[in-house]
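S.K.: My questions all concern the structure below.
No lab work stands behind these numbers, since they all come straight from the coordinates. None of these values were measured; they are calculated from a predicted model. So basically every Cβ, Gly included, is an ideal-geometry build from the backbone, and we count neighbours across all protein chains shown.
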Amino acid sequence: MDIEKTNTLTLSVLEEAPAYHQWIFDKMRPWLGGTVLEVGCGVGNLTGLLLGNGKVIASDVNEEYLQIVENKFRGHRNLKTVSLWDIRRPPPQNLDITIDSIVCSNVLEHIEDDERTLGHFYQILPPGGRLILLVPALKWLYNLLDQELGHFRRDNKEEL
């Protein structure tokens, strides 16, 4: 199966799991700063909750997802912008807004060179800024489903 189609299907299924997204949001809420950069926003499953907390820049590598997010949250006072960004590359030059927090939920496992990407995040965050990172855990659970979803790894807490 095509990884892009698999990921889109997964995001569609997860749209029907608001309690899951609320649980994730509740865990990260204490660490969120004023302006949040959501990397890998997908179709906006978490974006709506982030918008209720403060200013949000939603970014993704998929233009179709960004269009969905833009349509879904058009006119929301806390949506600063949607931004096309492949996090494997340096941050876009037009990202001239001070970012207080970066939310990266179920994205980093799709990036082969995760250390370089974390370096990109470091470039954006000011001193005291926060990276809120959610990745699949338990390295020994890595399986065919992970491969089908385009995951390069699962992480142990110590390695992460």
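S.K.: Can you tell me which residues in the range 80-131 are within 27 Å of LEU145 (Cβ to Cβ), in a loop (DSSP other than H, G, I, E, B) and either basic (Lys, Arg) or touching a residue at least 40 places away in the same chain (Cβ under 8 Å) (or both)?
M.R.: Scanning the range 80-131 gives TRP85, ILE87, ARG88, ASN106, VAL107, ILE111, GLU112.
S.K.: Restricting to the range 132-152, name every residue that is at negative phi, in contact with a helix residue (DSSP H, G or I) (Cβ under 7 Å, 6 or more places away or on another chain) and part of a loop (DSSP other than H, G, I, E, B).
M.R.: If the condition is that a residue be at negative phi, in contact with a helix residue (DSSP H, G or I) (Cβ under 7 Å, 6 or more places away or on another chain) and part of a loop (DSSP other than H, G, I, E, B), then VAL135, PRO136, LEU149, HIS151, PHE152 are the ones that fit.
S.K.: Next question. Just checking, how many residues over the range 68-79 are surrounded by 14 or more Cβ atoms within 10 Å (Cβ to Cβ) and either part of a helix (DSSP H, G or I) or among the polar types (S, T, N, Q) (or both)?
M.R.: So the count comes out to 6.
S.K.: In the list ASP26, ASP86, which residue meets the criterion of being charged (D, E, K, R) and within 12 Å of the chain's Cα centre (by Cα)?
M.R.: Every option except ASP86 fails the conditions.
S.K.: Tally the residues that are closer than 24 Å to ARG29 by Cβ, under 17 Å from the mean Cα position of the chain (by Cα) and of a type outside the set (Gly, Ala, Ser), restricting the search to the range 118-154.
M.R.: 12
S.K.: I would also like to ask the following. Considering (1) over 25 Å from ASP26 (Cβ atoms); (2) of a type outside the set (A, V, I, L, M, F, W, C); (3) surrounded by 17 or more Cβ atoms within 10 Å (Cβ to Cβ), say which one GLU38 fails and leave the rest.
M.R.: Result: GLU38 fails condition (1) only.
S.K.: Exactly one condition in (1) within 12 Å of the chain's Cα centre (by Cα); (2) surrounded by fewer than 20 Cβ atoms within 10 Å (Cβ to Cβ) is not met by VAL103; state its number.
M.R.: The failed condition is (2).
S.K.: Another question, then. Condition first: surrounded by fewer than 11 Cβ atoms within 10 Å (Cβ to Cβ) and under 30 Å from LEU95 (Cβ atoms). Now tell me which residues in the range 113-156 satisfy that.
M.R.: Answer for the range 113-156, where residues must be surrounded by fewer than 11 Cβ atoms within 10 Å (Cβ to Cβ) and under 30 Å from LEU95 (Cβ atoms): ASP113, GLU115, GLN123, PRO126, PRO127, GLY128.
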